[in-house]
Amino acid sequence: MRDNKTILIEKTAIVLAEKGVTLSQTETAALFEKPSDPKLGDLALPCFKLAKTLRQAPPKIASDLAPLFEGTEGIARIEAVGGYLNFFYDSASCLSVVEEILQNDRYGSSDVGTGKTVCLDFSSPNIAKRFHLGHLGTTVIGNAIRNLFDFCGYKTVAINHLGDWGTQFGKLIYAYKHWSSKEQVEQGGIDELVRLYVTFCNQEAEDDALKQAARDAFHLLEEGDAESLEIWEYFKEISLREYQKTYDLLGITFDSYNGEAFFSDKMPAVVDEIRSKGLLELDNGASVVRLDEENMPPCLILKSDGSTLYPSRDIAAAIWRKNEYDFEKCVYVTSAGQSLHFAQWFSVVRRMGYEWADGLVHVPYGTMSVGGEKLASRTGNVVLLDDLLAEAVRKCGAVIEEKHPDLDNKAQIAEAVGVGAVVFNALANNRIKDSDFNWEDALSFEGNAGPYVQYTYARSASILRKGGEPAGDNTGYEPCAEETALVGKLAEFPETVARALAEYEPSIVSRYLLAVCALFNQFYHNCRILNAEGASRIFRIKLAAATHTVIGNGLDLLGIRRTEEI
Ligand code: ARG
């Protein structure tokens, strides 16, 4: 069933077209407003913006348009008031939306993706380095987009394209052999690897022989030297062991950890292919593909010493994935700083004659900071993701301890809410915008934050625990303004999911959830639920159940744990 708002938008586009005003769906949608007072209607069309084109006064436009909407599905009444056209949803459509949600735990899902595969390349940290706040965006945005694809019926392949190859591993292997030991790495974990790397970088600045030693060490690794491979495998194992803890906490899983190294032996064939297609040119000793026509700098394929680079590995990986998974789309989630890199190598794949290059999608996001400080691994003041999550859990634990000391499972709830707060915060704004992490905003139980959504979800769950089965006959019940407003919002969920997916924008879901929560809390505060009577009680419990389904599904999509109790 389509929601009333969508129906109205479509109808309005038709009505306006008859009047000679052609607007797109989005432009038409933008004309609508939610009346500040629900008594004025469920949705309003202010006619002021139309006055210029139609050369009429807004009140006249409103009264002329009103009759054209007669008989619109789901609309009980239309009133022209001043320059506004106010629409009132009919109660039968309200009741049937709720019934529809109750019959479908996966309300909001669709099967548009059936039979199609989508690869999602996200998180993808560089091993032997700490997981810091800079990885939060790719990890949670990527996971949410993956969930959206799953929810819409696609088969998804979540790929952690580990940064596990390159000359830095020559440095690390050298440093490990000379300045460390298995015991030290076992004890210190990634911190010890970072120490080795930093030590090496400091020393090589003054020692050219060391630079050469690192190149030699990497060369050995590339040649498949058994000892080097073993050490490298060990670095990878140590790193993944630590990352896994973070992924477990976030509830994120991957279908593949084939990173850059996996593609190293697939490189020569790809480079040959680029060359045989006449695309490779020499540029100061390096081999590049020129992208003058696309107005981009050349894409680097081989360094002057013949070794492959980040873009060449990405090209090889895309070709391999296309063969392996036959993807419809391959989506890459990284910081906006890598936008040029992706645009460049996507063009190379297109130039190679692969039409499927159109299915390669880069999803960039802005930088995140804490207290205004940018977080790059080079700056030194790195905020580690583990520390941030642990602190969030601790702070939420303290609030829960204070507010609800006798809850069972306090530790589990604090973990769900603390981690959820960090995730929600990272998904709350348009991904491309730079954002600043602030404890007070992120942890709020009242404001626009994760804990507020989880708290509202738990509140709906508590109504269901106390109120019993959401069942019974409420035919003919006339919902009040708070109820209609909430139902109208719930009905927008399927369309919201579709839009979030089309735009690769999880914040569309998070903002939508905040709106549902606000309306649910108005309903909760203004309407008696458990001690209402007859059809009213039946409907209200059903409405709480429908809200529980929608918020629950929304939290699932964002990758935030549901908590039935807070
Ligand atoms: N390892 C890279 C980084 O940390 C991200 C990899 C993104 N995926 C890709 N296929 N390039 O910056």
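Just so it is clear, none of the values below were taken in a lab; they were calculated from the coordinates. The structure presented is a predicted model; accordingly, all values stated were derived computationally and were not measured. So basically every Cβ, Gly included, is an ideal-geometry build from the backbone, and we count neighbours across all protein chains shown.
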Karplus couplings for the stretch 111-119 from phi (6.51 cos²θ - 1.76 cosθ + 1.60, θ = phi - 60°), rounded to Hz, Gly and Pro as x? 10, 4, x, 3, x, 10, 10, 10, 8
Enumerate the amide H contacts of Val157 below 5 Å, restricted to partners 5 or more residues apart or on another chain; note that Pro and chain-start residues carry no placed amide H. Val118, Cys119, Leu120
Give, as ranges by residue number, the residues of the stretch 100-132 whose backbone N falls under 20 Å from the point 7 Å along Cα→Cβ of Lys266. 117-127
Beta bridge orientation in the chain: antiparallel %, DSSP, nearest 5: 55
Based solely on its DSSP helices, what 222 nm [θ] is calculated for the chain when runs of n ≥ 4 H residues each add -39,500 (n - 2.57) and the sum is averaged over all residues, nearest 500 deg cm²/dmol? -17000 deg cm²/dmol
Could you derive backbone 3J(HN,Hα) for the stretch 254-260 from the dihedral phi with the Karplus parameters 6.51, -1.76 and 1.60 (θ = phi - 60°), listing whole Hz in sequence and x where the residue is Gly or Pro? 10, 8, 8, 10, 5, x, 4
Could you let me know the centre-to-centre spacing of the stretch 1-53 and the stretch 116-189, using Cα atoms, in angstrom? 46
Mean separation of Cα contacts under 8 Å, 6 or more apart, over the residue count of the chain: relative contact order %: 17
Rounded to the nearest 10 degrees, what's the angle between the helix 310-325 long axis and the longest principal axis of the chain, both from Cα atoms, 0 to 90? 60
Residue by residue through the stretch 536-544, what is 3J(HN,Hα) from phi via Karplus (6.51 cos²θ - 1.76 cosθ + 1.60, θ = phi - 60°)? Round to whole Hz and write x for glycine and proline. 4, 5, 4, 5, 5, 5, 4, 5, 5
Could you work out how much longer the chain between Leu530 and Phe32 gets when fully extended? Use 0.36 nm per residue separation minus the Cα distance between them, nm to one decimal. 175.8 nm
Under 20 Å from the Trp356 label point (7 Å along Cα→beta-carbon), backbone N, the stretch 100-114: 113-114
Using R₀ = 35 Å, calculate the FRET efficiency as 1/(1 + (r/R₀)^6) where r is the Cβ-Cβ separation of Lys155 and Lys403; round to 0.05. 0.25
With a Förster radius of 25 Å, plug the Cβ-Cβ distance of Gln184 and Glu223 into 1/(1 + (r/R0)^6) and report the FRET value to the nearest 0.05. 0.40
Using the count of nearby Cβ atoms within 10 Å as a rough guide to exposure, how do Glu206, Glu483 rank from fewest to most? Glu206, Glu483
Using a Förster distance of 30 Å, how high is the FRET efficiency between Gln56 and Ala92, based on the Cβ-Cβ distance and rounded to 0.05? 0.30
Rounded to the nearest 10 degrees, what's the angle between the helix 4-18 long axis and the longest principal axis of the chain, both from Cα atoms, 0 to 90? 80
Taking a cut-off of 27 Å between Cα atoms, list the lysines near Lys329, but don't count ones fewer than 8 places away on the same chain. Lys116, Lys155, Lys266, Lys277, Lys433
Rounded, prolate or oblate, given the Cα gyration tensor of the stretch 159-278, with a/c below 1.5 counting as rounded? oblate
Report the Cys residues of the chain lacking a disulfide-compatible partner, meaning no second Cys Cβ under 4.7 Å from their Cβ. Cys47, Cys94, Cys152, Cys201, Cys299, Cys396, Cys480, Cys517, Cys527
Name the shape class, rounded, prolate or oblate, that the alpha-carbon gyration tensor gives for the stretch 37-167, where a ≥ b ≥ c are the square roots of its eigenvalues, rounded holds for a/c under 1.5, and otherwise prolate holds if a/b is larger than b/c and oblate otherwise. prolate
Name the shape class, rounded, prolate or oblate, that the alpha-carbon gyration tensor gives for the stretch 460-566, where a ≥ b ≥ c are the square roots of its eigenvalues, rounded holds for a/c under 1.5, and otherwise prolate holds if a/b is larger than b/c and oblate otherwise. prolate
Taking only Cα atoms, what is the 0 to 90° angle, nearest 10, from helix 134-151's long axis to the longest principal axis of the chain? 50
Considering Cα pairs under 8 angstrom that are at least six residues apart, work out the relative contact order of the stretch 172-267 and quote it in whole percent. 31
